[in-house]
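Data block below; observations after.
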Amino acid sequence: MRLKGKVALVTGAARGIGESIARHFAAEGAFVYVTDTDQGNGQQVASSLGSPGSFALLDVRDEAAWQQLTATIVETHGRLDIVVNNAGITGFEDGFVPHDPEHATLEAWRKVHETNLDGVFLGCKYAIKAMRATGEGSIINISSRSGIVGIPTASAYASSKAAVRNHTKSVALYCAQQNLKVRCNSIHPAAILTPMWEPMLGDGPEREATMAAFVQDTPLRRFGLPKEVSAVAVMLASDESGYLTGTEINIDGGILAGSAGAPAQ
Ligand code: NAP
C-alpha cells in the first residue's frame, strides 16, 4: 500500500499505459480519478478498480475542464497528490498522413501538439494549483523515447514529446523555487504493447514477424508491457522517490543505451 491515502488523477486512462497506471495506483491504495475522452471504456476501468475510484470525462486540451475537475477534486478530498499526464496521440489514429518534416501539414502538426504538449502544459498548470492545497505532490509526464531522438516519419510526435521532456524540468524547478514539495519527472517508454500499436501490427499471419521487425534493434528484443511502465510510475508517485525531481527515466529495453550502428563484437 505504497500510495495509501493519496488521491491521483490519470489522463488517457481508458486503455493502454494509462489504464495500467490507474490499476497499479489503485492496488497500492490510492483513490484514482480515471480520466479520458473515451467514456465507455473509462467508466469500465474505473468501476473495475476494486478500490475507491471514479471516472471523469476529461479532454486534456480543454482548459475549462481541467479547472473544473481539479477544483472539484480538491473540494471533495482536500488534496490532489498525483497527476499523470499520460494521454497522447501519434497523429496516425485516422490512417496514414505524412508526418515527415517536408510534407506534414500545419494542421496535422498542430493536432498532435494540442494533445501531447498543450494537454501536458494544462495538466501541469492545474496540478500545481491543486497541489498548493497541501504543498506536496508528484506530477508524472509520459514522454517517449521519441522525445530524445528524432523520428523522421513522425516529426510532430517526436517534437511534442521532446517539449514534454523539457517542460517537465521547468515545472520541477518552478515548484522548487516556490518552496512547494511538488516533484515533476518524465517517463520515456519505447515499444510498449498497447492498443496504440494495433493499426501498425494488424491481426493477420504477418503479426509476429511485424512485431519482431519493430524490436529488432531493441537490445531486449521484445515489446515492453504496460505493467513495466506502471511499476515505475508507482515509484515516482510514492514518497520513496522524494529526492527525484526534474529527471527522466527511460523504459525502452535498452535501446537508448547505445546505437544500432555499434559493432556487435
Ligand atoms: P493508447 O493505447 O492509444 O491510449 C491512449 C488513451 O488516451 C486512449 O484511451 C485515448 O482515448 C486517450 N486520449 C487521446 N486523446 C485524448 C485527449 N485529448 N484527452 C484525453 N484522453 C485522450 O496509448 P498508449 O500506448 O497507452 O500511450 C500512452 C502514452 O504513452 C502516450 O502519451 C504515448 O505517446 C506514450 N508512449 C507510448 C508508447 C508505446 O509504445 N505504447 C511509447 C512511448 C510513449 P481515445 O481512444 O478516445 O482516443
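Quick check: anything in segment 73-96 of a type in the set (D, E, K, R), closer than 30 Å to residue 151 by Cα and either loosely packed, with under 14 Cβ neighbours inside 10 Å or free of Cβ contacts under 8 Å to residues at least 12 places away in the same chain (or both)? Reasoning before the result, please.
Quick first cut of segment 73-96, residues of a type in the set (D, E, K, R) only: 75, 79, 81, 93-94.
Now narrow it down to the ones that are closer than 30 Å to residue 151 by Cα: 93-94.
Within this subset, residues satisfying the condition of being either loosely packed, with under 14 Cβ neighbours inside 10 Å or free of Cβ contacts under 8 Å to residues at least 12 places away in the same chain (or both) are 93-94.
The answer is yes; a qualifying residue exists.
Name the single residue, out of those in segment 138-191 being among the basic types (Lys, Arg) and in contact with a strand residue (DSSP E or B) (Cβ under 7 Å, 6 or more places away or on another chain), that is nearest to residue 248 (Cα to Cα).
First, the residues of segment 138-191 that are among the basic types (Lys, Arg): 145, 161, 165, 169, 181, 183.
Subsequent filtering for residues that are in contact with a strand residue (DSSP E or B) (Cβ under 7 Å, 6 or more places away or on another chain) retains 145, 165, 181, 183.
Numbers: 145: 10, 165: 8, 181: 18, 183: 12 Å.
It comes out as 165.
Taking residues in segment 177-192 that are in contact (Cβ under 8 Å) with a residue 12 or more places away in the chain and polar (S, T, N, Q), and partners anywhere that are assigned to a helix (DSSP H, G or I) and surrounded by fewer than 22 Cβ atoms within 10 Å (Cβ to Cβ), the pairs with Cβ atoms closer than 7 Å and at least 6 places apart or on different chains are 186/165. Residues of segment 17-55 being surrounded by fewer than 20 Cβ atoms within 10 Å (Cβ to Cβ) and outside any loop (DSSP other than H, G, I, E, B), which ones? Scanning segment 17-55 gives 27, 39, 40, 41, 43, 44, 47, 54. The requirement of being touching a Phe, Trp or Tyr at 6+ places or on another chain (Cβ under 6 Å) and surrounded by fewer than 20 Cβ atoms within 10 Å (Cβ to Cβ) is not satisfied by residue 68. If you check residue 137 against the conditions, is it away from the ligand (no atom under 16 Å from the Cβ), crowded, with 20+ Cβ neighbours inside 10 Å and in contact (Cβ under 8 Å) with a residue 12 or more places away in the chain? Yes: the conditions hold for residue 137. Scan segment 173-205 for residues that are at pLDDT 95 or above and more than 20 Å from residue 229 (Cβ to Cβ) and the total you get is 10. Of all positions in segment 103-114, none carries a residue that is closer than 22 Å to residue 34 by Cβ and of a type in the set (A, V, I, L, M, F, W, C).
The values are calculated or read from the model by the stated rules, or taken from the named source; none is laboratory data. The shown structure was predicted, so the numbers you read here are calculated from the model rather than taken from an experiment. Ideal geometry is used to build each Cβ from the backbone, glycine not excepted, and the neighbour counts take in all protein chains shown.
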